[in-house]
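J.: Have a look at this one before I ask anything.
The values are calculated or read from the model by the stated rules, or taken from the named source; none is laboratory data. All figures in this text were calculated on a predicted structure; none of them were measured in a lab. Every residue, glycine among them, receives a Cβ derived from its backbone with ideal geometry; neighbour counts consider all protein chains shown. Only protein heavy atoms, including side chains, enter the accessible area calculation; ligands, DNA and RNA are left aside. Shrake-Rupley method; radii C 1.70, N 1.55, O 1.52, S 1.80 Å.
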Amino acid sequence: MYKNGKYRETDKMSDLICENYPMVLVMSRFGIALGFGEKNIGEVCRQNGVDPCTFLTVVNFLTEEVSEPVTNIDKCLSIEALIAYLHKAHAYFLDFRLPHIRRKLTDAIAGCPKDVAFVITKFFDDYATEVNKHMLYEEKTVFPYVRGLLKGVRDPKYNITIFRKHHDQIEMKIIELKNILIKYYPGPGNNLLNSVLFDIFATEQDLSSHNHVEDFLFVPAILALEKTIQ
Amino acid sequence: MSTNIKIAIAESSAIIRCGLETLLKRLPGFRIQISEITAADSLTEGLRIYKPDILIMNPSIPGNFNLQHLKDECGCPDMRCFALLYNVSDPLLLRPYDDQISVYDSPDELKQKLERLNAEEVSSEEGESDDQQTLSSREKEIVVCVVKGMTNREIADRLYLSTHTVITHRRNIARKLQVHSASGLTVYAIVNKLIELKDLNG
């Protein structure tokens, strides 16, 4: 669907975004705003205090749809920048995306029977709680552990393999919500509900690629880091 | 209903791998996850981690191995194997494979082969070929129990079934509806009027 060659610092930022529109989210998670004019990726990154190598690693990882752990991680990748990126992605899902979908969903199903609206909302809230728990674990346990590693301190009770083994596919349950709405939603069709469905499709994709970055880029990078501090 | 399939492609040519992956992902009716294996030395390890339902492998991928050995070694005894062929091959070499895919197969042929392999799997697992997706009345009873928060043991006692049967029913329900969690089943039960909100605990 999207172009997938490797992007370089000298490519225009606007080309990247137009050719792969989900990258607008990546850009904003690195703290880069729109309105960058004709500048290329390297210039835009430096102007915003973003490490271009880490930005391009994530971008190329996502646009090439890598589906296995990355083995030859670029030495210039900054793990601090990668953590900052993952942290911003978490904030995006928890503080913006999910509450936004919830508001729209509640409005969209306002016309259906009360008990149905109640259980659908409850399903969504349970899901949001799960996502919260999933991401909070990374924030409270995984990231502090890695920040320790970066300072050369290794927590003897933890390693990244523990995380790798327990890291579940957080997008599976939102697929369930989508299935339920598509197959069993009892009310009349409406534009708002369709729009929520589109949001859910996009979020499913977004969560799945977020997990991919964690499993196939972040985890291998930390494994390599652990080896240097034996 | 789309079927989830995990496929590993063991093939050294990036052009062939990507082409096959693109075709597979476009097939309607399947939700396909792909893992690529690019060389023989990462084959066992790759399969052990990924545990695919189906392996599509170029039989001439360098390396000397036995398919049965491979399945045992990577802990996927039920994995099905397609041979991926560029041209005519020795039938003896192909005997251990479940089926073959030629690089000249059309997307339709590819789809038929996947469906055939998948149908065999479902019918051998369930002992019956049921393509209906609606729940039987027994399954609906079980949904109601699950939604009320009963354990498998309690459901078995209530309906005079063995827990094993209850588990089989639950697996079939999840497969038919593509809904796995209790809260998802609650929505299903309410929407389909199997239960009322006031009957729910908590």
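J.: Where the convex hull is taken over the Cα atoms of segment A:104-230, what is its projected area averaged over directions, in nm²?
T.: Taking the Cα atoms of segment A:104-230, their convex hull projects to 8.7 nm² on average.
J.: Place +1 on the Cβ of every Lys and Arg and -1 on the Cβ of every Asp and Glu in the protein assembly as shown, take the dipole about the Cα centre, and give the residue among A:I229, A:Q169, A:L98 whose Cα lies farthest towards its positive end.
T.: After comparing all options, I get A:L98.
J.: Another question, then. Quick check for you: which residues of segment B:14-29 have the amide N under 19 Å from the point 7 Å beyond the Cα of A:Q169 toward its beta carbon?
T.: Only B:21-29 fall inside the zone, counting backbone N under 19 Å.
J.: Counting Lys and Arg as +1 and Asp and Glu as -1, each charge on the Cβ, what is the dipole of the protein assembly as shown about the Cα centre in debye, to the nearest 20?
T.: Once rounded to the nearest 20, the dipole reads 1180 debye.
J.: List the residues whose amide H sits under 5 Å from the amide H of B:R80, counting only those 5 or more places along or on another chain, with H placed 1.01 Å from N in the peptide plane.
T.: B:I54, B:L55
J.: Under 15 Å between alpha carbons, and skipping anything fewer than 8 positions from A:K12 in its own chain: which aspartates and glutamates qualify?
T.: Within the straight-line cut-off, A:K12 pairs with A:E38, A:E43.
J.: Towards the positive end of the charge dipole of the protein assembly as shown, with charges on Cβ (+1 Lys, Arg; -1 Asp, Glu), say which of B:Y97, A:N48, A:I17 has the farthest Cα.
T.: Checking the options against the dipole of the protein assembly as shown, the answer is A:N48.
J.: Quick check on segment B:6-58: take the gyration tensor over C-alpha atoms, sort the square-rooted eigenvalues as a ≥ b ≥ c, and tell me if it's rounded (a/c under 1.5), prolate or oblate.
T.: Judged from the Cα gyration tensor, segment B:6-58 comes out oblate (a/c at least 1.5, b/c at or above a/b).
J.: With only alpha-carbon pairs counted, each pair once and no self-pairs, how large is the Kirkwood hydrodynamic radius of the protein assembly as shown in angstroms?
T.: That comes to 24.6 Å for the protein assembly as shown.
J.: What residues of segment B:170-187 lie in the reach of a label at B:K51, counting those whose backbone N is under 19 Å from a point 7 Å from the Cα along Cα→Cβ?
T.: Those under the cut-off are B:171-172, B:174-175, B:180-181.
J.: Please state, as a whole number in µm²/s, the translational diffusion coefficient that the Stokes-Einstein equation yields for segment A:97-162 at 25 °C and 0.890 mPa s, with Rh defined as the Kirkwood radius across alpha carbon pairs.
T.: D = 168 µm²/s.
J.: Could you give the semi-axes, largest first, of the ellipsoid that matches chain B, computed as the square roots of 5 times the alpha carbon gyration tensor eigenvalues and rounded to whole Å?
T.: Taking √(5λ) for each eigenvalue gives 41, 18, 15 Å, largest first.
J.: Here is a follow-up. Taking R0 as 60 Å, what FRET efficiency do you get between A:E80 and B:R31 from their Cβ-Cβ distance, rounded to the nearest 0.05?
T.: Computed FRET efficiency for A:E80 and B:R31 comes out at 0.95.
J.: Tell me which of B:V179, A:G148, B:A40 sits at the most positive position along the dipole axis of the protein assembly as shown, charges placed on C-beta atoms (Lys, Arg +1; Asp, Glu -1).
T.: The Cα lying farthest towards the positive end belongs to A:G148.
J.: May I pose another question? Once you measure Cβ to Cβ distances between cysteines in chain A, which Cys have no partner under 4.7 Å?
T.: A:C18, A:C45, A:C112
J.: Accessible area lost on pairing A with B, both sides, 1.4 Å probe, Å² to nearest 100?
T.: 1700 Å²
J.: Sticking with this structure for a sec: Students often forget the sequence filter, so: which lysines lie under 28 Å Cα-Cα from A:K114 once same-chain residues fewer than 8 apart are removed?
T.: Straight-distance partners of A:K114: A:K104, A:K122, A:K173, A:K178, A:K183, B:K140, B:K148, B:K176, B:K193, B:K198.
J.: Follow-up. Let me spell out the model: positive unit charges on the Cβ of Lys and Arg, negative unit charges on the Cβ of Asp and Glu, origin at the Cα centre of segment A:23-155. What dipole size does that give, in debye rounded to 20?
T.: 380 debye
J.: In addition: Rounded to whole Å and sorted largest first, what semi-axes of the equivalent ellipsoid does the C-alpha gyration tensor of segment A:155-230 yield via the square root of 5 times each eigenvalue?
T.: Values for segment A:155-230, descending: 39, 12, 7 Å.
J.: I've got another one for you. Going by a ≥ b ≥ c, the root eigenvalues of the Cα gyration tensor, does segment B:158-202 fall in the rounded group (a/c under 1.5), the prolate group (a/b larger than b/c) or the oblate group?
T.: In terms of gyration-tensor shape, oblate.
J.: Would you please give the residues with an amide H less than 5 Å from that of A:S78, counting only those at least 5 places away or on a separate chain, with H modeled from the backbone geometry?
T.: Amide H neighbours of A:S78: A:T54.
J.: Per residue of segment A:38-45, what does 6.51 cos²θ - 1.76 cosθ + 1.60 with θ = phi - 60° give for ³J(HN,Hα)? Whole Hz please, x for Gly and Pro, Karplus curve as stated.
T.: These are the phi-based 3J(HN,Hα) values: 8, 5, 8, 4, x, 4, 4, 4 Hz.
J.: Report, by chain and number, residues whose modeled amide H sits under 5 Å from the one on B:S35, excluding near sequence neighbours (fewer than 5 apart, same chain).
T.: B:I7, B:A8, B:I9
J.: Separate question: Could you pull out every one of the aspartates and glutamates with an alpha carbon less than 19 Å from that of A:K75, ignoring same-chain neighbours closer than 8 positions?
T.: Excluding near neighbours in sequence, the set is A:E9, A:D51, A:E214, A:D215, A:E226.
J.: How big, in percent, is the set of alpha carbon pairs in segment B:6-116 lying more than 21 Å apart?
T.: That fraction is 29 percent.
J.: How well do other chains shield peptide B:32-43, expressed as the mean number of their Cβ atoms within 10 Å of each residue Cβ?
T.: 1
J.: Let me ask another. What fraction, in whole percent, of alpha-carbon pairs in segment A:26-147 exceed 26 Å separation?
T.: 40 percent
J.: Scan segment A:10-47 for GluC sites (Glu not before Pro) in coil per DSSP, keeping those whose Cβ has at most 13 other Cβ atoms within 10 Å, and list them by number.
T.: Answer by residue number: A:E38.
J.: Taking a ≥ b ≥ c as the square roots of the Cα gyration tensor eigenvalues, with a/c under 1.5 meaning rounded and otherwise prolate when a/b beats b/c, else oblate, which class fits segment A:1-58?
T.: Taking the square roots of the gyration eigenvalues as a ≥ b ≥ c, segment A:1-58 is rounded.
J.: For B:I61 and B:S106, FRET efficiency with R0 = 25 Å and r from the beta-carbon atoms, rounded to 0.05?
T.: So, using R0 = 25 Å, E works out to roughly 0.55.
J.: Of all the stretches in chain B, which is the longest one without any exposed loop site, taking GluC sites (Glu not before Pro) in a DSSP loop (any state but H, G, I, E, B) with at most 16 other Cβ atoms within 10 Å?
T.: It works out to B:1-127.
J.: Helix A:219-228 versus the longest principal axis of chain A: what angle, 0 to 90°, nearest 10, using Cα atoms?
T.: 30 degrees
J.: Same structure again: Under a point-charge model restricted to the Cβ atoms of Lys and Arg (+1) and Asp and Glu (-1), what is the dipole moment magnitude of chain A relative to its Cα centre, in debye to the nearest 20?
T.: 420 debye
J.: Continuing with the same structure: Hey, what do the phi angles of segment B:47-60 turn into as Karplus ³J(HN,Hα) couplings, whole Hz, using 6.51/-1.76/1.60 and θ = phi - 60°, x for Gly and Pro?
T.: Once θ is set to phi - 60°, the couplings for segment B:47-60 become 5, 5, 6, 7, 6, x, 6, 9, 10, 10, 10, 6, x, 8 Hz.
J.: Give the average over all directions of the projected area of the C-alpha convex hull of chain A, one decimal, in nm².
T.: Result: a mean projected hull area of 14.0 nm².
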